[in-house]
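Below is one structure, written out as structure tokens; comments come after it.
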Amino acid sequence: MLGKFFKPPAPEQRDRVPPGQHLAGGFPVLTYGATPDIPSDVWELKIWGLAEPLTLTYSDLLSLPQTEFTADFHCVTTWSKLDVQWTGVKVTDLMQRVNLNPSATHVMQHSYGGYTTNLELADFLREENFLAHTLAGEPLPVPHGGPVRLVVPHLYAWKSAKWLNGLEFLDHEELGFWERNGYHRRGEPWAEERYSD
């Protein structure tokens, strides 16, 4: 498959591509289970746990400050895509609407279809993280997590939950679906945190 769909990074790209990764020619789609198809007019993001309960609609999301992002994207299955162009809402702007309990240390992402993945709060609250609703100038396609996904560029892509519909704030770590099934708790690409010990 290397050479047809994937290629090694050019010398000038090597400082952007983590160890063990190859550049994808397109934007591969990897999904476990059924693909939820949620129209934007019924999509909701629910926030609960160690935060005052809040539900945002797609219109609510669009009423928040909108930002264009260009970020590299690294999948645990050893492919990377550079300079992906997104539009969405910074996590830091979203959190201006959230009344968070100071005891919160972690967040569990919940997705339509039942998928979950966990993050430490410090990894979630970074300035470069965002809720994406647009990819390359078009509404985020369903296979890529539309209508809304989280994007956490500094971690492997499974930490960027597709079809996002819930953020549960916790005062302890709970493992999500892939973390319970052998993936690393954090998933930092430059450290090759692919799998649990």
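In segment 53-74, the residue that is surrounded by the fewest Cβ atoms within 10 Å (Cβ to Cβ) out of those that are closer than 16 Å to Leu135 by Cβ and not polar (S, T, N, Q) is Glu68. Taking the conditions exactly as written (surrounded by 15 or more Cβ atoms within 10 Å (Cβ to Cβ), β-branched (Val, Ile, Thr) and over 14 Å from Val84 (Cα atoms)), does Val142 satisfy them or not? Judged against the criteria, Val142 is a match.
Among the listed residues Thr87, Thr92, Thr55, Thr67, identify the single one that is within 14 Å of the chain's Cα centre (by Cα) and either modelled with pLDDT of 95 or more or aliphatic (A, V, I, L, M) (or both).
Thr87
In segment 44-52, the count of residues that are part of a loop (DSSP other than H, G, I, E, B), within 19 Å of the chain's Cα centre (by Cα) and either surrounded by 12 or more Cβ atoms within 10 Å (Cβ to Cβ) or modelled with pLDDT under 90 (or both) is zero. Test Pro8 against the criterion of being exposed (fewer than 15 other Cβ atoms within 10 Å of the Cβ) and modelled with pLDDT under 95, and give yes or no. Yes, satisfied.
Residues of segment 98-126 being among the charged types (D, E, K, R) and touching a strand residue (DSSP E or B) at 6+ places or on another chain (Cβ under 7 Å), which ones?
Glu120
Among the residues of segment 168-176, at least one is touching a residue at least 60 places away in the same chain (Cβ under 8 Å), more than 18 Å from Lys81 (Cβ to Cβ), open to solvent by less than 10 Å² (accessible area, probe 1.4 Å) and hydrophobic (A, V, I, L, M, F, W, C).
Residues that are in contact with a Ser or Thr (Cβ under 7 Å, 6 or more places away or on another chain), of a type in the set (D, E, K, R) and without any contact (Cβ under 8 Å) to a residue 24 or more places away in the chain do not occur anywhere in segment 39-54.
Among the residues of segment 77-110, those identified as open to solvent by 50 Å² or more (accessible area, probe 1.4 Å) and in a helix (DSSP H, G or I) are Gln96, Arg97.
Yes or no, residue by residue, for (1) outside any loop (DSSP other than H, G, I, E, B); (2) open to solvent by 30 Å² or more (accessible area, probe 1.4 Å); (3) free of Cβ contacts under 8 Å to residues at least 12 places away in the same chain:
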site: Ala122; (1), (2), (3): yes, yes, yes
site: Arg126; (1), (2), (3): no, yes, no
site: Leu131; (1), (2), (3): yes, no, no
site: Pro147; (1), (2), (3): no, no, no
site: Leu155; (1), (2), (3): no, no, no
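The values are calculated or read from the model by the stated rules, or taken from the named source; none is laboratory data. Just so you know, these numbers come straight off a predicted model, no measurement behind them. Here the Cβ is made from the backbone with ideal geometry for all residues, glycine too, and neighbour counts use every protein chain on show. All accessible areas refer to the heavy atoms of the entire protein, side chains included, with ligands and DNA or RNA removed. Shrake-Rupley method; radii C 1.70, N 1.55, O 1.52, S 1.80 Å.
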